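Report on the following structure.
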Amino acid sequence: MRIKTKWNKRAKPQSIEDIAKAVGFISWQIATNSLLELENNGYENSTQTQRLQIVREFLIFLLQVADRLVYKQLDTEQRQRFITTLAIHVADTLTDNYTDIGNLEDSSVFINLLNQRAEDYSELSFNNGEAGFDFLRYFGEQIAIIMQNDHFVSQQIVDIEGPDAIEKLHKGIDGLFA
């Protein structure tokens, strides 16, 4: 999977909001590619709604990761603007996709779940750009719940999909802030 991580050399300096929207686009790419990887590894989904629920959980996870990755780069006000813009951008994209399949879930559902998960993730370890086992395990458990408690998928998330998603997002954020 290729991710564009650099701005055009002739482009004007980018605002925090522009960077957040680009990170949102990268997050969407990572989440949808991760869903495809799960399916390619035999973890089938029964409906389009279930597929979007998995993408939604990936996006929530990636938002938590993004927040931790920019923590030292941005001051409190910049970080708040970054995360707010990122969350709204991702929520709107997800809402559009839910609408495309006939589900009228609005962005407030995503934002409410994001806030709930943010509380849970806040107690889990993430140091020096790497998620702790508890951070990845929690994410894996959320995916397993969506997939009717398929605990094998949780292990796939902890061992492969979660770390891979973090690595791709880290690369994207580093490139966009360079």
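Coordinate-derived values only; no laboratory data. All figures in this text were calculated on a predicted structure; none of them were measured in a lab. Every residue, glycine as well, gets a Cβ built from its backbone with ideal geometry; the counts of neighbours run over all protein chains shown.
With a ≥ b ≥ c the root eigenvalues of the C-alpha gyration tensor of the range 73-176, is it rounded (a/c under 1.5), prolate (a/b larger than b/c) or oblate? Verdict is oblate for the range 73-176. Full extension of the chain between THR49 and PHE133 gives 27.4 nm of extra length, using 0.36 nm per residue less the Cα-Cα distance.
Restriction of the chymotrypsin sites (Phe, Trp or Tyr not before Pro) in the range 70-178 to DSSP coil positions whose beta-carbon has at most 15 other beta-carbons within 10 angstrom yields TYR71.
Taking a span of 24 Å or more along the helix axis (Cα atoms) and a mean Kyte-Doolittle hydropathy of at least 0.5 as the rule, the DSSP H helices of the chain that qualify are 48-70.
Considering only alpha-carbon pairs that sit under 8 angstrom and 6 or more positions apart, the relative contact order computed for the range 16-177 is 31 percent. Within the range 68-113, the trypsin sites (Lys or Arg not before Pro) that combine a DSSP coil assignment with at most 16 other C-beta atoms in a 10 angstrom radius are LYS72.
Placing +1 on the Cβ of every Lys and Arg and -1 on the Cβ of every Asp and Glu, with nothing else charged, gives the chain a dipole about its Cα centre of roughly 980 debye.
For the range 62-125, applying the loop criterion from DSSP together with a ceiling of 10 other beta carbons within 10 Å to the GluC sites (Glu not before Pro) yields GLU123.
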